[in-house]
Amino acid sequence: MSWLPQGSLPNPGFVQADGHGQSRTVPAVVAQRGRLWCLWTDLDGQIWYAATDDDGDFGQRMPFPASGMPVMANLNGHLHAVIVLETGDMMHYLYDDEKELAWACLGPLPLPANPLVRSSPCLVAFHNKLFLVYLRDDGVLYHVIWTMSSAHASSSSSSASDASGAWSDPVPVSPNGQHAFDGIPALFVIGGVLHLLCAADSDTHEILCFSYDYTNSLWTQCDDVSEGRAARGVSATSYGNDAYLGFIENGPGDHSHAVSIACFNNGHWQPHEALCGLRAADPPQIAILNGRIHCIFNDDTPTRDLRWYSRPILTYSLSSWMADVPGDTPLSGVTIPGTHDSCARSNIPFVRTQYLSITQQLALGIRFLDLRLRRRGDDNQLFCYHGGIRLDLPRGLSFASVMDEVWAFLRGPSGGGIPTETVLVSINNDDSSPAQLADPLPFYRAVADAIGAAPPWPDGTPRWFVGCVTPRLGEVRGRAVLLRRYLGDPGVAPAVRLGLDLSAWVDDSPQFTIVTPTGVRVHLQDKWKFAERISLQDLVATKSGFVTRLMADAARIRPPPPPAAALPGHDRDKESIDEDWYINFCSAVGDPVEHGEIAEAKWIAVGAHSDWYRRNWVNGMNRLTGEFLQLLQQQLSEEGEGEEGRQPRRRCRLGIVNLDYPELPEDNDLVARLIEMNF
């Protein structure tokens with residue numbers, strides 16, 4: 001897997017054309033909401049920023065409202081930057097994604113006057129907080145922590161004008177002057193633990209490593225996990241249980257400035273990779289987006305142009321992973337990551353469930369979309385809703401525009417691309433009023449008209465598969481597959497109505513089975529409402545139990561160790577039919593009146609603190625589901641050990657698993673883990 005230059009400029013491999021991307025200091029790079037962001041200081045001291053578009057290219061640079069040395073982090077979908085000013089002070093900024101589309105200043109960090117920062121600091125998001133580590137000119141390494149206010153943490157607003165929080169006072173990483181440091185520090189996560197690397201201020205520049213004790217708020221020196229590399233500066237990022245380092249010094253005494261990347265995998269550092277023989281003036285900055293590691297650095301020339309390279313970190317592409325699944329596999333036999341309320345990007349509290357657009361979700365590997373629609377009476381057009389709230393106000397998000405994104409993904413804008421993927425589209429009538437139940441025909445016909453209006457592909461293939469049976473993947477590559485949760489046309493026989501019939505859906509149920517009029521069995525879990533008084537930890541554990549139980553049923557295995565093993569009512573001897581469907585929802589909410597901060601879907605998905613002191617951290621569904629998959633993969637790989645000639649089992653059908661905020665937390669690899677169950 002080679003490193004390739006990125007961008008479609010006349011000369012690929014550059015962040016900006018015509019000398020507009022020159023950085024005199026270490027740039028800041030981060031992935032956020034399906035895009036790659038870069039922040040840098042040009043040769044005149046002006047800070048600029050740019051983000052990638054849906055085509056994967058960096059857009060035009062924009063001026064940042066401050067000068068100095070930048071660092072940046074993605075805190076659960078929100079983009080934060082800290083700028084070291086020429087005075088030595090540090091200022092905190094938040095990008096306003098909703099109102100102004102600009103950087104808003106949240107104020108200064110509470111640092112002593114004239115801290116004289118020696119090098120670029122490092123900034124990372126961890127457990128819904130920002131951790132900043134900086135090196136003073138006297139060689140003392142400090143850390144400060146930004147904590148959101150309780151009101152802001154429990155709000156779904158992402159507007160900078162509504163943000164509030166506080167920075168802690170600076171605390172030395174190594175108390176009592178035990179160590180003096182030099183170079184650029186790095187923060188990263190391995191196994192759910194925050195780590196810090198920085199070189200000692202000594203002749204050898206030994207790399208010192210510390211891990212953070214979250215409960216006691218202390219840094220503890222631990223084994224060196226850098227293998228002595230990156231003597232004077234390093235960057236780091238994480239993806240699941242893997243970590244990556246970027247550096248330009250292969251240990252003390254190396255002054256080649258050759259760009260290298262190292263990966264920490266299965267408890268060991270892999271041999272470092274030289275990046276195309278290129279050299280950097282400062283340590284390269286790395287970020288992971290959609291299964292690729294991106295490396296951006298200022299080249300070791302007088303112009304210091306920002307260079308941009310990437311390579312895949314998976315053995316398949318998230319944008320085309322179905323190409324590796326045999327075409328004769330029934331869709332019910334594929335493990336498919338999906339999203340719950342896929343279009344719910346609203347700013348209204350308790351409505352939003354996603355940050356990513358449909359295009360971004362598909363690029364991430366999502367292949368099941370959960371759409372809630374209502375019919376507009378004057379022209380019969382369909383628009384996306386969530387719980388009676390129209391999405392993308394004031395204009396509204398039409399069903400046709402959502403499907404335009406799906407069509408462009410499946411076969412490209414021209415429709416002539418070679419199809420490898422399918423997208424399952426679940427449609428429900430968001431209006432459950434008695435009038436709709438009494439007369440389902442108008443909504444049924446509105447969807448039928450929308451589907452019928454979709455022209456065939458240039459090769460004559462229909463865009464939709466609307467059969468009421470289980471298709472094979474090869475039949476539906478390049479097509480959308482209809483799963484119908486709304487009621488059918490009373491005048492049409494049930495066995496020939498459009499789509500796989502899920503209209504008998506049981507609301508808020510931890511497990512139920514639908515047998516369609518054509519005999520297709522569909523097992524579902526959609527327990528989403530927790531109105532009783534329950535702690536966040538118990539809520540997430542209970543929901544996780546429902547999710548893992550259905551996945552274990554789909555896999556036809558005994559569940560891995562707790563929390564799945566001791567679930568009440570689980571029939572461990574139950575055998576499923578290979579073509580049975582399994583549809584599983586990881587989403588949930590608490591009662592907003594009774595439970596305040598734990599009510600929002602986001603914190604149930606990505607994790608939150610369950611006490612006012614912010615010490616008791618509760619992992620969310622995305623983390624717990626990923627841990628279950630890790631245990632499951634270990635269990636499958638161990639099957640057959642000791643039996644001569646038997647290969648370990650790795651492939652496992654888990655059904656459709658639907659997520660809120662599938663890209664979060666920041667180092668989350670859950671979608672990739674689900675996809676890998678197919679191989």
Check your understanding: Got at least one residue in the range 249-256 being in the same structural domain as Gly13 (by TED's automatic domain parsing), touching a helix residue (DSSP H, G or I) at 6+ places or on another chain (Cβ under 9 Å) and either at positive phi or basic (Lys, Arg) (or both)?
Key -> no
Study note, to complete from the structure: Per the list (1) at pLDDT 95 or above; (2) not assigned by TED's automatic domain parsing to the domain that holds Glu579, residue check on Pro283 breaks on (1)
Exercise for review: Would you be able to tell me the number of residues in the range 159-209 that are in contact with a Lys or Arg (Cβ under 8 Å, 6 or more places away or on another chain) and assigned to a strand (DSSP E or B)?
Suggested key: 5
Check your understanding: How many residues, within the range 542-559, are in contact with a Ser or Thr (Cβ under 9 Å, 6 or more places away or on another chain) and either closer than 19 Å to Ala608 by Cβ or not assigned by TED's automatic domain parsing to the domain that holds Asp580 (or both)?
Key -> 3
Point to revise | Sole residue being outside any loop (DSSP other than H, G, I, E, B) and surrounded by fewer than 16 Cβ atoms within 10 Å (Cβ to Cβ), chosen from Asp449, Asp392, Asp459 | key: Asp449
Check your understanding: at pLDDT below 95 and under 18 Å from Asn76 (Cα atoms) - does that describe any residue in the range 88-97?
Key -> yes
Check your understanding: Which of the residues belonging to the range 85-111 are hydroxyl-bearing (Ser, Thr, Tyr) and under 29 Å from the mean Cα position of the chain (by Cα)?
Key -> Tyr93, Tyr95
Review point. What is the one condition in (1) in contact with a Gly (Cβ under 8 Å, 6 or more places away or on another chain); (2) of a type outside the set (S, T, N, Q); (3) part of a loop (DSSP other than H, G, I, E, B) that Ala50 does not satisfy?
Key: (3)
Review point. If you scan the range 98-119, which residues turn out to be part of a loop (DSSP other than H, G, I, E, B) and modelled with pLDDT of 90 or more?
Key: Leu109
Check your understanding: Does Val476 satisfy being modelled with pLDDT of 95 or more and surrounded by 21 or more Cβ atoms within 10 Å (Cβ to Cβ)?
Key -> yes
Study note, to complete from the structure: Being modelled with pLDDT of 95 or more and not assigned by TED's automatic domain parsing to the domain that holds Met403 narrows Gly333, Gly291, Gly338, Gly267 down to just Gly291
Point to revise | The lone exception for Val225 - which of (1) at pLDDT 85 or above; (2) buried (at least 19 other Cβ atoms within 10 Å of the Cβ) it fails | key: (1)
Check your understanding: Does the range 492-546 hold any residues that are among the β-branched types (Val, Ile, Thr), assigned to a loop (DSSP other than H, G, I, E, B) and surrounded by 14 or more Cβ atoms within 10 Å (Cβ to Cβ), and which are they?
Key -> Thr516, Thr518, Val520, Ile534
Review point. Checking Trp219 against (1) at pLDDT 90 or above; (2) among the aromatic types (Phe, Trp, Tyr); (3) closer than 20 Å to Ala28 by Cβ, which single condition isn't satisfied?
Key: (3)
**Study point:** Any chance Ile656 is of a type in the set (Val, Ile, Thr), at pLDDT 95 or above and buried (at least 22 other Cβ atoms within 10 Å of the Cβ)
**Key:** yes
Point to revise | So Ala17, is it at pLDDT below 95 and of a type in the set (A, V, I, L, M) | key: yes
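The values are calculated or read from the model by the stated rules, or taken from the named source; none is laboratory data. None of these values were measured; they are calculated from a predicted model. Note that we place each Cβ from the backbone using ideal geometry, even for glycine, and neighbour counts take in every protein chain shown.
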